[in-house]
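The block underneath contains the structure these notes are about, expressed in structure tokens.
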Amino acid sequence: MSPTLVLVHGAFADASGFAGVIRELAADGHTVVAPPNPLRGLASDADAIAAVVGAIDGPVVLAGHSYGGAVIGQASARLDNVTALVFLAAFGLDAGESCASVQGPYPPSLLATTSYPTAYDAPGAVQGPDLYINREQFRETFCADVPVDVADVMYATQRPLSLAALTENATEAGWKTKPSWYLVSEHDNAIPPDAEWFMAKRMGATTESINGSHTAFTAQPVAVAAFIRRALAG
């Protein structure tokens, strides 16, 4: 049985950013699911994704972008049907690390200065505000390789990440027991590329890089789908 691919989006986005990748893989006959990631807290978000994946009959390749990588790392540790992990410019956390802390040794990304907290507490999160990316630098920070009109829509529809999710420590790391694949975005302005290389090397992932932004899979779906195909083939 060929594996089902489950795509998990990250912060400031929803699953629609995977549209081109989904079209490419579906044309090959692959079954693809892209559930919503709540973006409220690492443990609760991982529970939500684990519930979806655990209900799938047969093997699953679990792929995550950005914060979605932290979620799949946490969720996959207790999912026997997950046969491989794919990280797309994503956080591959070890237990005891957060998305914020793993970036500590590296110069801050542009996102550190272009994101801002809300004046209100994040609905559904344990505490603290939501984070958004400001309009003026959204495209440069998040999706510099998509057309301006597409970036404008992505800005208008961005889904916030709770600050609590960014700072919550992982308690499990599925990449320690499952084969992993990592696609580094060479011009990432949201996660330092050096941090991505570090996380990929640490997990012993099959690693490639792409000449693209944080959301290279939106701008270059053919190339990213080809990378995912290789992971699906094992």
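The values are calculated or read from the model by the stated rules, or taken from the named source; none is laboratory data. Please read all numbers here as calculations on a predicted model, not as lab measurements. Every residue, glycine as well, gets a Cβ built from its backbone with ideal geometry; the counts of neighbours run over all protein chains shown. Ligands, DNA and RNA are excluded from the accessible area calculation, which covers all protein heavy atoms including side chains. Shrake-Rupley method; radii C 1.70, N 1.55, O 1.52, S 1.80 Å.
Residues of region 1-41 being in a strand (DSSP E or B), more than 12 Å from the chain's Cα centre (by Cα) and farther than 27 Å from residue 152 by Cβ, which ones? Talk me through it step by step, then tell me what you get.
To start, the set of residues in region 1-41 that are in a strand (DSSP E or B) comprises 4-8, 32-33.
Those left that are additionally more than 12 Å from the chain's Cα centre (by Cα): 4-5, 32-33.
Scanning region 1-41 gives 4, 5, 33.
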Worksheet entry | Count of residues meeting criterion [open to solvent by less than 50 Å² (accessible area, probe 1.4 Å) and under 16 Å from residue 9 (Cβ atoms)] in region 139-154 | 4
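Which residue, of 232, 163, is farther than 23 Å from residue 27 by Cα, in contact (Cβ under 8 Å) with a residue 40 or more places away in the chain, among the hydrophobic types (A, V, I, L, M, F, W, C) and open to solvent by 10 Å² or more (accessible area, probe 1.4 Å)? Write out each step before concluding.
Working: 232 fails: farther than 23 Å from residue 27 by Cα.
It is 163.
Evaluate the following for residue 184: is it over 23 Å from residue 106 (Cβ atoms), at pLDDT 95 or above and of a type in the set (Val, Ile, Thr)?
Values: over 23 Å from residue 106 (Cβ atoms): no; at pLDDT 95 or above: yes; of a type in the set (Val, Ile, Thr): yes.
So residue 184 fails the test.
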Worksheet item: Could you count how many residues in region 31-90 are within 17 Å of residue 13 (Cβ to Cβ), charged (D, E, K, R) and open to solvent by 10 Å² or more (accessible area, probe 1.4 Å)?
Response: 1
Discussion item. For region 42-136, give me every one of the strands (runs of 3 or more DSSP E) that falls completely inside it and has 1 or more residues that are at positive phi.
Written reply: none
Practice prompt. Working only within region 40-69, note down all residues that are in contact (Cβ under 8 Å) with a residue 60 or more places away in the chain and in contact with a His (Cβ under 9 Å, 6 or more places away or on another chain).
Written response: 65, 66, 67, 68
Discussion item. Based on this model, can you work out whether residue 11 counts as at pLDDT 95 or above, closer than 27 Å to residue 134 by Cβ and open to solvent by less than 10 Å² (accessible area, probe 1.4 Å)?
Written reply: yes
Item to complete: List every residue pair whose Cβ atoms sit under 6 Å apart, with the two residues 6 or more apart in sequence or on different chains, where the first one lies in region 193-212 and is more than 17 Å from residue 179 (Cα to Cα) and open to solvent by less than 30 Å² (accessible area, probe 1.4 Å) and the second, anywhere, is not in a strand (DSSP E or B) and not hydrophobic (A, V, I, L, M, F, W, C).
Response: 195/103; 195/106; 212/145; 212/220
Item to complete: Kindly indicate whether any position in region 150-160 is of a type outside the set (Lys, Arg) and under 19 Å from residue 42 (Cβ atoms).
Response: yes
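Residue check: is residue 77 small (Gly, Ala, Ser), in contact (Cβ under 8 Å) with a residue 60 or more places away in the chain and under 22 Å from residue 124 (Cβ atoms)?
Working: small (Gly, Ala, Ser): yes; in contact (Cβ under 8 Å) with a residue 60 or more places away in the chain: yes; under 22 Å from residue 124 (Cβ atoms): no.
Taking the combined requirement at face value, the residue does not satisfy it.
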